[in-house]
Amino acid sequence: GAVVSQHPSRVICKSGTSVKIECRSLDFQATTMFWYRQFPKKSLMLMATSNEGSKATYEQGVEKDKFLINHASLTLSTLTVTSAHPEDSSFYICSARDNAEQFFGPGTRLTVL
Amino acid sequence: QKEVEQDPGPLSVPEGAIVSLNCTYSNSAFQYFMWYRQYSRKGPELLMYTYSSGNKEDGRFTAQVDKSSKYISLFIRDSQPSDSATYLCAMSVSTGNQFYFGTGTSLTVIP
């Protein structure tokens, strides 16, 4: 299947700082990428849909000014958590659609101190 | 009512058992059905993908879709300890639409 990478895999930051997470589709072009958040032993929560060349579509309750998404190319989408707080600590996972199938990145564990 | 319902388990079975994992859904427009396996602290890995109704087999895994009952299943034959993971079902209306996920079922296969 197609490969999606995420970087970094783990990040620890201080409260108030911003963190950028990259999501790349390595062997296919993805016009649409998705960003999810997952709490321990819980399912995936869709945060936003990232469309190449246009603004992201955010799910209800997700602050677009706090979670900035940029999809600058067909292989790269970035999620920036701005002014991070401890409650933003979570596992963030991106995915990219290749035709009808959706492939996930390995996830990024964010810890905000 | 949630779009997709999945029993979170946990489910424990002895090695070699046949495992049955299930999801129900409410939206009759769903056409694409997926099963993902997620190991702890890892991203989900696509296991099986099915379009519309019917069965699909891949090695020890069989996916079934019954659109009339709005019910999908994943069967694992000859289960192995390495199958211990959380299994997520997902579905979408079309290739351009978002995916809806179940909550995941935690499976442990005991040696």
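The values are calculated or read from the model by the stated rules, or taken from the named source; none is laboratory data. Predicted, not measured: the structure shown is a model, and the values here were computed from it. Cβ sites come from the backbone with ideal geometry, for glycine too, and all protein chains shown count toward neighbours.
Values as computed for the structure displayed
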item	result
Candidate set from segment B:21-41 (those that are surrounded by fewer than 16 Cβ atoms within 10 Å (Cβ to Cβ) and out of contact with any Asp or Glu (no Cβ under 7 Å at 6 or more places or on another chain)); member that is modelled with the lowest pLDDT	B:ARG41
Residues of segment A:99-113 satisfying the condition of being in a loop (DSSP other than H, G, I, E, B), within 14 Å of chain B (Cβ to nearest Cβ) and over 13 Å from the mean Cα position of the chain (by Cα)	A:ASN99, A:ALA100
Condition met for B:GLY102 (surrounded by 15 or more Cβ atoms within 10 Å (Cβ to Cβ) and of a type outside the set (Val, Ile, Thr))	yes
Members of segment A:86-109 found to be closer than 23 Å to B:TYR32 by Cβ, touching a residue at least 12 places away in the same chain (Cβ under 8 Å) and of a type in the set (A, V, I, L, M, F, W, C), listed by number	A:ILE93, A:CYS94, A:ALA96, A:PHE103, A:PHE104
Strands (runs of 3 or more DSSP E) contained entirely in chain B, each with at least 1 residues that are more than 30 Å from A:SER5 (Cβ to Cβ)	B:4-6, B:11-14, B:19-25, B:54-58, B:61-66, B:71-76, B:105-110
Residue match in segment A:75-84 (condition: out of contact with any His (no Cβ under 6 Å at 6 or more places or on another chain), of a type in the set (S, T, N, Q), away from every other protein chain (no Cβ under 13 Å) and closer than 28 Å to B:LEU47 by Cα)	yes
Scope segment A:33-42; condition within 8 Å of another protein chain (Cβ to nearest Cβ) and either out of contact with any strand residue (DSSP E or B) (no Cβ under 8 Å at 6 or more places or on another chain) or buried (at least 19 other Cβ atoms within 10 Å of the Cβ) (or both); matching residues	A:PHE34, A:LYS42
Members of segment A:1-20 found to be within 13 Å of A:VAL112 (Cβ to Cβ) and either among the hydrophobic types (A, V, I, L, M, F, W, C) or under 10 Å from the mean Cα position of the chain (by Cα) (or both), listed by number	A:VAL11, A:ILE12, A:CYS13, A:VAL19
Selection count where residues are free of Cβ contacts under 8 Å to residues at least 12 places away in the same chain and within 14 Å of another protein chain (Cβ to nearest Cβ), scope segment B:41-69	6
